[in-house]
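Have a look at the structure below before the remarks.
The values are calculated or read from the model by the stated rules, or taken from the named source; none is laboratory data. Just so it is clear, the model here is predicted, and its values are computed rather than measured. Every residue, glycine among them, receives a Cβ derived from its backbone with ideal geometry; neighbour counts consider all protein chains shown. What goes into the accessible areas is simple: the full protein's heavy atoms, side chains included, and nothing from ligands, DNA or RNA. Shrake-Rupley method; radii C 1.70, N 1.55, O 1.52, S 1.80 Å.
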Amino acid sequence: QSREIGASLPALGIAADIGAFDLEPGERGEARWEIEADGAVPWSAESPQLYSLRVALFDDGAIADDMIERIGFREVKTRGKKILLNGRPVRLRGYNRHEDHPQFGCAIPVEAMMADLALMSDLGCNFIRTCHYPNDMRFLDLCDELGFYVWEETHSRTVDFKHPKFREQVAASAREMIEWHGNHPSILMWGCLNECDSVSPAGREEHKRLIELIRALDSTRPVTFASDKAERDICLDLVDIVSWN
């Protein structure tokens, strides 16, 4: 059945018809839309400017379904020993935060998330590492809105590379994380494989495989992993940012 797709950024006066698709039940399709967002204010922790992007599915001219996503425009690069945000060096000050709570366990209400972020803000924090798994979308929404930089990480910490399900599960975690969370401007870098085997040739191959997958899924962000192997580590050349625990 034929459906038409449209997209708009109302605050910037941008709207477009992306195209029409003929799909059978159960089939999937992909649409791409590239724009020049003239006049957009770059997102940063100091100025966390967000814009509402609306994508709509039309059936005979009437909206059959739609989705509104908040997005931000910014660019992250590494140059030498610096991390550049929108072309300017940024200094990251912050914490590793586990999505866990003495009262609520891992089912954290948004009020407790806000309390964590308020404490970090009072301490001068601008950076959070989600160790060691993708976080609740509401927490990432708050980081977008309040202006916190985020290192988000695949669900993999001190894992056994020889486990028969390791490659399948860690690849699925990376894909889901990037597909679901890739539009969050607060996420400056992707992390993976916390304190895993980065000292053996076999361990290097696993690091290389996953880092290449992450880069293939998203080439716009630096990649890192947290090492606890000190001078024995043989994988540090694989990443954009060297990180030590």
How would Cys235, Cys106 line up by accessible area, probe 1.4 Å, largest first?
Cys106, Cys235
Which value, in Å², gives the accessible area per residue of the chain when a 1.4 Å probe is used on the protein heavy atoms?
57 Å²
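Relative contact order of the chain: what whole-number percent is it, with Cα pairs under 8 angstrom and at least 6 residues apart? Display every interim value, and only then the final one.
Numbers: 430 pairs, mean separation 33.7, N = 245.
Reported relative contact order: 14 percent.
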Under a cut-off of 13 Å between alpha-carbon atoms, report the aspartates and glutamates in cross-link reach of Lys229, not counting same-chain residues fewer than 8 places apart.
Glu195, Asp197
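Filter the chymotrypsin sites (Phe, Trp or Tyr not before Pro) in the range 85-137 down to the DSSP loop ones having no more than 13 other Cβ atoms within 10 Å, then list what survives.
Within the range 85-137, the qualifying chymotrypsin sites (Phe, Trp or Tyr not before Pro) (loop, at most 13 other Cβ atoms within 10 Å) are Phe104.
What share of the DSSP beta bridges in the chain is antiparallel, in percent to the nearest 5?
On the way: 28 of 47 bridges.
If we restrict to bridges inside the chain, about 60 percent are antiparallel.
Add -39500 (n - 2.57) for each DSSP H run of 4 or more in the chain, then divide by its residues: what number comes out at 222 nm, to the nearest 500 deg cm²/dmol? Mind dumping the intermediate values first?
Working: 4 runs with 56 residues, N = 245.
-7500 deg cm²/dmol, from helical runs alone.
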Find how many whole Å separate the alpha carbon centroid of the range 102-134 from the alpha carbon centroid of the range 138-185.
16 Å
Once you compute Rg and the Kirkwood Rh from C-alpha atoms, what is the Rg to Rh ratio for the range 134-245?
0.97
Carbon-plus-sulfur fraction of the accessible area of the chain, 1.4 Å probe, in percent?
50 percent
Work from the charge dipole of the range 98-220 (Cβ charges, +1 for Lys and Arg, -1 for Asp and Glu, about the Cα centre) and give the residue of Val199, Cys125, Leu140 farthest towards its positive end.
Val199
Got a sec? What order do Leu57, Leu140, Leu119 fall in by accessible area at 1.4 Å, biggest, i.e. largest, first?
Leu119, Leu57, Leu140
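Can you sort Ile18, Ile68 by 1.4 Å-probe accessible area, starting with the largest? All intermediate terms of the calculation are to be shown ahead of the outcome.
Working: Ile18 50, Ile68 110 Å².
These residues rank, largest area first, as Ile68, Ile18.
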Which of the GluC sites (Glu not before Pro) found in the range 36-101 are loop residues per DSSP with 16 or fewer other Cβ atoms within 10 Å of their Cβ?
Glu36, Glu46, Glu75
Taking 0.36 nm per residue of separation and subtracting the Cα-Cα distance, what length does fully extending Asp136 through Glu69 add?
22.5 nm
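Would you kindly state the longest site-free stretch of the chain, with sites defined as trypsin sites (Lys or Arg not before Pro) in a DSSP loop (not H, G, I, E, B) surrounded by at most 12 other Cβ atoms within 10 Å? Walk me through the numbers before you get to the answer.
Values: sites that count: Arg28, Arg32, Lys81, Arg91, Arg93, Lys162, Lys165.
Formally, the longest exposed-site-free interval is 166-245.
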Size of charge dipole - the chain - debye, nearest 20, with Cβ of Lys, Arg +1 and Asp, Glu -1, no other charges:
1280 debye
Given pairs Lys81/Lys162; Lys81/Lys165; Lys82/Lys162; Lys162/Lys208; Lys77/Lys165; Lys82/Lys165 and cut-off 26 Å on Cα-Cα distance, the over-length ones are Lys81/Lys162; Lys81/Lys165; Lys82/Lys162; Lys77/Lys165; Lys82/Lys165
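For the range 1-146, what is the convex hull volume of its Cα atoms per residue in Å³?
Numbers: hull volume 26.2 nm³, N = 146.
Here the figure is 179 Å³ per residue.
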Would you mind calculating the gained length between Leu57 and Arg88 on full extension (0.36 nm times residue separation, minus the Cα-Cα distance), in nm to one decimal?
7.3 nm
